[in-house]
Amino acid sequence: MTDAVGAIVLTGGRGSRLGGADKARIAVAGRPMLDTVVGAAAAVADSVVTVGPGGDTREDPPFSGPVAGIAAGLSVLPGSADLVVVVACDLPDLDADTLRSLVAALRLPAAFGSDRRPTAALAVDADGRDQYLLAVWDRRALATRLDAVQRSGGAGGRPVRALYDDEVLTRVTVGAPARDVDTWAEVVSSGPVALAHVGAVLRAGLAPLPPTVRAPLDAVGAVLTAPLVAADPMPREPVSAMDGYALAGPGPWRLTGTALRAGDGSPGSMATGTAAPIATGALVPPGSGRVLRHELVQVARDGSDPAVVTALPEAAGVDDLRPVGEDWPAGHELAPAGVTLDPALASAALSAGLASVSVRGPVRSVVVTTGDEVLPADSPSPLPPGRIRDTVGPLLGGVLARAGFATRAGTIGGVLARAGFATGAGTIGGAARTSHCSDTADAMDALISGSPGAGAEGGTGVGVGGRAGGGEQAEDVIVLIGATGRGVADHLRPALRRAGATIVLDGARVRPGGSQLVAVLPDGRVLLGLPGNPLAAVCAAATTGRALVDALTGRERPAVLARVTGLDRVAAPGRARVLPARPDGTGGWTLSGRVRTAHLADLAGAPLLAVVPEGAGADDPVELIEWM
Ligand SMILES: Nc1nc2c(c(=O)[nH]1)N[C@H]1C(S)=C(S)[C@@H](COP(=O)(O)OP(=O)(O)OC[C@H]3O[C@@H](n4cnc5c(N)ncnc54)[C@H](O)[C@@H]3O)O[C@H]1N2
Ligand code: MOO
């Protein structure tokens, strides 16, 4: 018997445990799961129908479940197919031989112990569990079962198990190829993930920081956990918006009042018909109902005493008095929960009289260098053979601050720094404390276990510890430079294993920076492992560092997308690239494909990093990231 085989591949589902990602297109071990499954199906079937968003057909209504999906697929499968492979898209290890073994089991009546052919061959996975979305059906039997389910309550929302009937089923233990993928942890355990998925992986694998209450200026970079509601109206008192005259009653006015300056305290009341000079920001006295800037009045000093103030015709309808609550009343919501407290919003919170805000974050970090060859940045020449200077640790704090990590006190805003002024001493990298961990298993163990001062040395002389005492707050994230590889001097992975840490991200498909790693340590701190080559460390800090802050704070961050010239020249299949972007002189951006990773020379003059998705086409948008 050589029945024709058709295949129905279900690609739908909400991927709810994958944060709503399009499951079918998630690559496991470098290959989108859908490609793996369709490839296997096409090797055994004459026709393959995909069911789901963007597929050949869709279940009706959308998201009504796998039984409805199978029914939709069957209705468009060519009538010649007598056997039907029914398979979900989330089986990254599926191969054609596995499907062949199911087809063979169905074709072989003996498999059922009688001359009646089984209606379906159902796969059993390595744990002995039925894998209901990996089966081969006799087409007529499938149609009959679908009808039966349809009659008994409908296909929508029914578990796929409802299709099967033990009487007429044959089970085939296929083992590992039946593994399905439902969570990001399962994707991560299969090898480096696509860079585009790093954000979702971190959100799934990391618990957000607990909410805290902080002074607004200590909360810059944090995310509001409650709406920011003004305690005071703005302005809180009636004030002058301009340098000019406070006026009482209708004009003209006699200039008899004493000059009013901001900060003077409560002024006395003004008599009607009088004017008083007033400075911007000064309280408007009782009795005055209007302020006019001096450009809009005439002051006649010619002989008359006191001088007479008259409004010019242009003053009609103008009032430079700012009444209480002109900008917002008390109780006004300045920002909803979920918004990031940027320097401007922190400043507005102060304007609104708020002493504290409820936030998640800001995320505090400490930078730890590794590598016994790495000497402090200011080590004089000649260096001993084999030694190099630390050329990334001292500036990484700035990169982390740009990614959203807490800056040190005093660096808020940095408006002048952004304008090009010198930053204070040490603030190239001033956002983070730095220290060094030597290349021994013991030092790495101590770093990871958070033994105060242990494991780390040098740098600023600050010890590294999860539970710092003396009033100093511990870091949320250890940012480690180097040791992410699998070489003789790389102690990180074994130490994480020994400590029982949870590896949340184990490599990303990107150059540079592929060996990056994120783990949760037993004491709850997060470790961000940056590849040791300086350019790779900066790129990973700028990209994954941002995604890490998003995950820990719940921050929502719109991506800045742009089209750049020459994208097809630099895009690579199978992995993303992070490339320096420079102004192209015509208002756009151009990417340099030449990136040597052992230094930062190729990043010089490039204010942005462009994230070029794997296999990007010439017209695809790229995300542009400020790295410094
Ligand atoms: N067998 C393989 N080896 C390596 C691979 C690979 O795929 N297979 N990838 C290479 C790449 S690319 C990178 S990046 C690194 C990542 O590994 P590590 O994170 O373990 O980095 P290290 O070995 O510790 O350091 C790499 C390189 O960077 C220098 N370095 C480290 N810290 C600093 C610093 N603070 N300032 C300046 N330079 C620093 C270090 O001396 C090394 O030369 O692995 C490659 N190997
Ligand atoms: O992570 Mo390595 O570049 O790709 O330097």
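The values are calculated or read from the model by the stated rules, or taken from the named source; none is laboratory data. Please read all numbers here as calculations on a predicted model, not as lab measurements. All Cβ positions, even for glycine, are placed from backbone atoms using ideal geometry, and neighbour counts span all protein chains on display.
Odds and ends about this structure:
- Pick from region 58-81, criterion over 10 Å from Ile8 (Cα atoms) and in contact with a strand residue (DSSP E or B) (Cβ under 8 Å, 6 or more places away or on another chain), ranking: surrounded by the fewest Cβ atoms within 10 Å (Cβ to Cβ): Pro78
- From Ala468, Ala474, residue being hydrophobic (A, V, I, L, M, F, W, C), more than 26 Å from Ala536 (Cα to Cα), at pLDDT 75 or above and away from ligand 2 (no atom under 16 Å from the Cβ): Ala474
- Within region 618-628, considering residues that are within 21 Å of the chain's Cα centre (by Cα) and in a loop (DSSP other than H, G, I, E, B), the one farthest from ligand 1 (Cβ to nearest atom): Pro621
- Residue check for Ala377: assigned by TED's automatic domain parsing to the domain that holds Ala406 and in contact with a Pro (Cβ under 7 Å, 6 or more places away or on another chain): yes
- Some residue of region 552-574 being assigned to a helix (DSSP H, G or I), within 16 Å of ligand 1 (Cβ to nearest atom) and touching a residue at least 12 places away in the same chain (Cβ under 8 Å): no
- Cβ-Cβ under 8 Å pairs, at least 6 apart or on other chains, region 77-93 side under 15 Å from Ala123 (Cα atoms), far side among the acidic types (Asp, Glu): Val84/Asp138; Ala88/Asp180; Asp90/Asp180; Asp90/Asp182; Leu91/Asp180
- Verdict on Ala495 being in contact (Cβ under 8 Å) with a residue 12 or more places away in the chain, aliphatic (A, V, I, L, M) and either within 13 Å of ligand 1 (Cβ to nearest atom) or assigned to a helix (DSSP H, G or I) (or both): yes
- Qualifying position, being modelled with pLDDT of 85 or more, within 30 Å of Arg360 (Cβ to Cβ) and not charged (D, E, K, R), among Leu396, Leu375, Leu383, Leu416: Leu396
- For region 527-551, a tally of residues being part of a helix (DSSP H, G or I) and in contact (Cβ under 8 Å) with a residue 60 or more places away in the chain returns 17.
- Evaluation of Gly257 against (1) within 30 Å of Ala307 (Cβ to Cβ); (2) modelled with pLDDT of 95 or more (one fails), failing number: (2)
- Any hit, region 168-176, residues being within 25 Å of Gly79 (Cα to Cα), in a helix (DSSP H, G or I), free of Cβ contacts under 8 Å to residues at least 24 places away in the same chain and in the same structural domain as Gly69 (by TED's automatic domain parsing): no
- The residues on offer are Val564, Val570, Val560, Val526, and the sole one that is out of contact with any Asp or Glu (no Cβ under 6 Å at 6 or more places or on another chain), at pLDDT 95 or above and either within 15 Å of ligand 2 (Cβ to nearest atom) or not polar (S, T, N, Q) (or both) is Val526.
- Qualifying residue in region 300-309 (condition: closer than 27 Å to Glu237 by Cβ, touching a residue at least 60 places away in the same chain (Cβ under 8 Å) and either surrounded by 12 or more Cβ atoms within 10 Å (Cβ to Cβ) or not assigned by TED's automatic domain parsing to the domain that holds Ala259 (or both)): yes
- If you filter region 548-557 down to residues that are at negative phi and surrounded by fewer than 24 Cβ atoms within 10 Å (Cβ to Cβ), you find that the one that is nearest to ligand 2 (Cβ to nearest atom) is Asp550.
- Residues that are away from ligand 1 (no atom under 16 Å from the Cβ), farther than 29 Å from Gly30 by Cα and in a loop (DSSP other than H, G, I, E, B), drawn from region 576-617: Asp584, Gly585, Thr586, Gly587, Gly588, Gly605, Ala606, Pro607
- Only residues that are touching a residue at least 40 places away in the same chain (Cβ under 8 Å), closer than 15 Å to Val201 by Cβ and more than 9 Å from ligand 1 (Cβ to nearest atom) were counted across region 506-526, and they come to 8.
- Total residues in region 477-492, condition assigned to a loop (DSSP other than H, G, I, E, B), away from ligand 2 (no atom under 16 Å from the Cβ) and crowded, with 21+ Cβ neighbours inside 10 Å: 1
- When we screen Leu345, Leu354, Leu350 for residues that are under 17 Å from Val213 (Cα atoms) and assigned to a loop (DSSP other than H, G, I, E, B), the only hit is Leu354.
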